[in-house]
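See structure below.
The values are calculated or read from the model by the stated rules, or taken from the named source; none is laboratory data. Predicted, not measured: the structure shown is a model, and the values here were computed from it. Here the Cβ positions follow ideal geometry from the backbone for every residue, glycine too, while neighbour counts run over all protein chains shown. Side chains included, ligands, DNA and RNA excluded: accessible areas come from the protein's heavy atoms. Shrake-Rupley method; radii C 1.70, N 1.55, O 1.52, S 1.80 Å.
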Amino acid sequence: MNFRLKNQKSFTLMEILVYVAVLAIIVLSVSTFLIWATRSNAKIKAMRETSDNARRVIEIMVYEIKEAKSIYTPTSTSTQLSLETTHYLISGEKTSYIDFYLCGVATICLKKESENPITLTSDRVEVNNLEFIRIATSSVQINLGINFKNPQHRPESQPTINLTSTASFRTY
């Protein structure tokens, strides 16, 4: 018996090798793009976390300085700012104090009189620079530097933000 398949189609070895090579190139391109997208996403998240923390801290400090009456000189240093504030109540004026300082290794804290300190920065960032400079008698310049904590030392997760802002005390 002689069987012949007239319409039988098959692939040659060369065609299979070409298909495998094209498929390998496509898979390699897609995987490279996915790895790049993942690293870019990690970098963007680290940059956003760092800049959000720095902006938030500066905004809080500027607001409190603008509402303050003056710097409470005995406890203020270049890394700690103590502000004297006046609150007007029905029964009269009340003076209170607000402190900004580095607490722990690299965290900024806000302490209002007779209250527990509040950390202003998240656990995912660390402060590398905090400096208060008194300008004349009615203004304070704030220099702030914040790094993203990067325990794996990955290059895409090492953003640093340095901000400088100046605020003036309110005048009566």
Across region 71-85, what is the number of residues that are farther than 27 Å from F148 by Cα, exposed (fewer than 15 other Cβ atoms within 10 Å of the Cβ) and either modelled with pLDDT of 85 or more or in contact with a strand residue (DSSP E or B) (Cβ under 7 Å, 6 or more places away or on another chain) (or both)?
1
Taking only pairs six or more apart or across chains, which ones have beta-carbon atoms under 8 Å, a first residue in region 115-139 that is touching a residue at least 60 places away in the same chain (Cβ under 8 Å), and a second residue that is open to solvent by 60 Å² or more (accessible area, probe 1.4 Å) and in a loop (DSSP other than H, G, I, E, B)?
R124/K149; V125/K149
What are the residues in region 90-115 that are in contact with a Phe, Trp or Tyr (Cβ under 9 Å, 6 or more places away or on another chain) and either more than 15 Å from F132 (Cα to Cα) or basic (K, R) (or both), if any?
K94, Y97, K111, K112, E113
Selection within region 80-137 - assigned to a loop (DSSP other than H, G, I, E, B) and more than 23 Å from the chain's Cα centre (by Cα)
I90, S91, E113, S114, E115, N116, A136, T137
Inspect all residues belonging to region 45-59 and state whether any of them is over 21 Å from T137 (Cα atoms), loosely packed, with under 14 Cβ neighbours inside 10 Å, at pLDDT below 90 and not basic (K, R).
no
The listed residue being surrounded by 15 or more Cβ atoms within 10 Å (Cβ to Cβ) and within 21 Å of S70 (Cα to Cα), out of A136, A167, A106:
A167
